[in-house]
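Colleague: Got a structure for you, questions after.
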Amino acid sequence: MTAPLSLHPGGSLYERIGPQALSALVTRFYGHVAAHPDLAPIFPADLTETAEKQLAFLTGFLGGPPLYHERYGHPRLRARHLPFPITPARARAWLACMNTALRETTDIGEAEARELYAALSRVAVHMVNTTGD
């Protein structure tokens, strides 16, 4: 897998955010997920491995090294999440946790945060697999 073509003068979104800020974002994000009443029930109590996988996925998704592919194979996001009831409310809660984590991660610029949030919004909608709230 090769890195995506970068049309931004500052490089890929991964390059513009940087690995340290991305790691900090994921850590903050899962702190919010663990405390969220709609999300905590569908996540494991220990989020260490989940956070590691998310960081690996986001690294490649944003144009960095394809860590997730190298470690786990193709992400198959929707298929891997089918065992979990992902409702529209849970997708909104997931995005709210991400939005909060993005605002708290001040090393990520406002433009990059908006770009990342927009991309993850599309992913969240795609992950909904049940209509019940």
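Colleague: Quick one: P(r) of region 9-49 from all Cα-Cα pairs, 10 Å bins, percents rounded to integers, in order of increasing distance.
Modeller: The distribution over region 9-49 is 26, 39, 24, 10, 0, given as percents.
Colleague: Connecting C-alpha atoms closer than 10 Å in a GNM of the chain, tell me which of Ala34, Ala119, Ala91 has the biggest fluctuation.
Modeller: Comparing Ala34, Ala119, Ala91 in a Gaussian network model of the chain, the most mobile one is Ala119.
Colleague: Still on this model: For His74, His81, give me the order by solvent-accessible area with a 1.4 Å probe, most accessible first, ignoring ligands, DNA and RNA.
Modeller: Largest accessible area first, the residues go His74, His81.
Colleague: Report, in debye and to the nearest 20, how large the dipole of the chain comes out about its Cα centre when Lys and Arg carry +1 and Asp and Glu carry -1 on their Cβ.
Modeller: Using only the charged Cβ atoms, the result is roughly 360 debye.
Colleague: Let me check I've understood the local charge: for Arg80, count other residues with C-beta under 14 angstrom from its C-beta, Lys and Arg +1, Asp and Glu -1. What total comes out?
Modeller: Surrounding charge for Arg80 is +3.
Colleague: With everything on Cα atoms, drop me the angle between helix 110-127 and the longest principal axis of the chain, reported from 0 to 90° to the nearest 10.
Modeller: It works out to around 40 degrees.
Colleague: Could you work out how far apart the two model spin labels at Thr48 and Val125 are, taking each label as a point 7 Å from the Cα in the direction of the beta carbon, and quote it in nm?
Modeller: Output for this residue pair reads 3.8 nm.
Colleague: When the chain is modelled as a GNM with alpha-carbon springs shorter than 10 Å, which of Arg16, Arg28, Arg71 fluctuates the most?
Modeller: Of Arg16, Arg28, Arg71, the Gaussian network model singles out Arg71 as fluctuating most.
Colleague: Give me the orientation-averaged projected area of the Cα convex hull of region 59-110, in nm², one decimal.
Modeller: Reported value for the Cα convex hull: 4.9 nm².
Colleague: What distance in nm lies between label points placed 7 Å from Cα along the C-beta direction at Leu95 and Gln20?
Modeller: 3.2
Colleague: What is the Cα convex hull volume of region 42-132 when expressed per residue in Å³?
Modeller: Dividing the Cα hull volume of region 42-132 by its residue count gives 108 Å³.
Colleague: While we're looking at this one, here's another question. Using only Cα atoms, find the angle between the long axis of helix 19-35 and the longest principal axis of the chain, and express it within 0 to 90 degrees, rounded to the nearest 10.
Modeller: 10
The values are calculated or read from the model by the stated rules, or taken from the named source; none is laboratory data. Here the structure is a predicted model, which means the values were calculated and not measured. All Cβ positions, even for glycine, are placed from backbone atoms using ideal geometry, and neighbour counts span all protein chains on display. Remember, those area values only see protein heavy atoms, side chains included, never the ligands or the DNA or RNA. Shrake-Rupley method; radii C 1.70, N 1.55, O 1.52, S 1.80 Å.
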